[in-house]
Amino acid sequence: MNPLNRQWFYRAFRKTLTASLGKEAADQIWNNAGNEYRKILTSRPDLKRHNGAMVLPAVALYRVLTAGGHDAEGLLNGYGDAMGKRFARIIHSLTSLPGADLFVWNHVDAVMKRASSEKLGYRSELVSDPPDMYGVDILSCPYHELAKQLGDERAVLCICHMDKEYSKGFKHIRYERYSAVSEGARACEYRLRFDPKKP
């Protein structure tokens with residue numbers, strides 16, 4: 001069985017490939033990427049439990065698409081955008097429940113600290129605490145570090161694209177991110193503000 005079929009985030013990417021390149025090409029890419037994914041895990045069994053394991057399917061797909069002369073970055077980033085928008089709609093529905101927006105905002109620092117903890121492989125620097133703004137700079141990300149280690153750091157931009165889109169889904173919480181480590185910046189700058197006018 002193709003190991004990519006078990007990757008919840010990437011499964012729907014096969015449909016994107018089919019829509020862009022046709023079924024035959026999509027099936028070939030999917031099968032080749034599954035073999036590449038297996039090859040990575042065989043050579044690096046330590047990565048099976050890595051915090052950034054979401055990176056491996058992206059790297060496998062990126063390598064196969066690039067080898068076939070396809071726009072790997074464009075296809076993967078477009079998919080990241082689409083998945084992020086899908087998650088944003090779910091997040092917006094949840095934070096539209098009475099009081100949910102304020103609950104999230106009142107706990108934003110704890111949520112962000114947990115999501116970007118050193119235990120998960122992140123290095124971060126607090127810039128500003130609520131109530132005016134919650135700001136944090138992510139100096140190092142396990143997704144980017146692993147992709148860089150594997151020699152395909154551009155492969156994880158799709159995860160950054162997804163992150164940037166879904167973070168816009170919070171009702172009454174304005175999210176801004178102007179830079180990303182994976183794009184060559186010093187840090188991923190997360191800036192969140194409570195804004196009752198934001199739908």
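Throughout, read-outs are computed from the coordinates displayed, never taken from laboratory work. Keep in mind the model is a prediction, meaning the values are calculated, not measured. Reconstructed Cβ throughout: ideal geometry from the backbone, glycine too, with neighbour counts over all protein chains shown.
One table, with the values for the structure above:
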quantity: Among Ala26, Ala88, His144 the positive-end extreme of the charge dipole of segment 3-194 (Cβ point charges); calculated: Ala26
quantity: Theoretical FRET efficiency, 1/(1+(r/R0)^6), r = Cβ-Cβ of Phe103 and Glu24, R0 41 Å, to 0.05; calculated: 0.25
quantity: Near-label residues of segment 57-94 by backbone N, under 19 Å of a point 7 Å along Cα→Cβ of Asn31; calculated: 60-70
quantity: Label point distance in nm, Ile90-Lys113, each placed 7 Å from Cα along Cα→Cβ; calculated: 2.7
quantity: Spherically averaged projected area in nm², based on the convex hull that wraps the Cα atoms of segment 5-103; calculated: 7.8
quantity: Proximal lysines to Lys48, defined as alpha-carbon separation beneath 19 angstrom and excluding residues fewer than eight positions away on the same chain; calculated: Lys39, Lys119, Lys148
quantity: Under 21 Å from the Cα of Lys171 - lysines, other chains or at least 8 residues apart; calculated: Lys85, Lys113, Lys197, Lys198
quantity: Rg in Å to one decimal, and Dmax rounded to a whole Å, for the chain via C-alpha atoms; calculated: 17.9, 53
quantity: Alpha carbon convex hull of segment 114-190, projected area averaged over orientations, nm²; calculated: 5.3
quantity: Partner lysines for Lys23 [C-alpha distance under 16 Å; skip if fewer than 8 residues away on the same chain]; calculated: Lys15
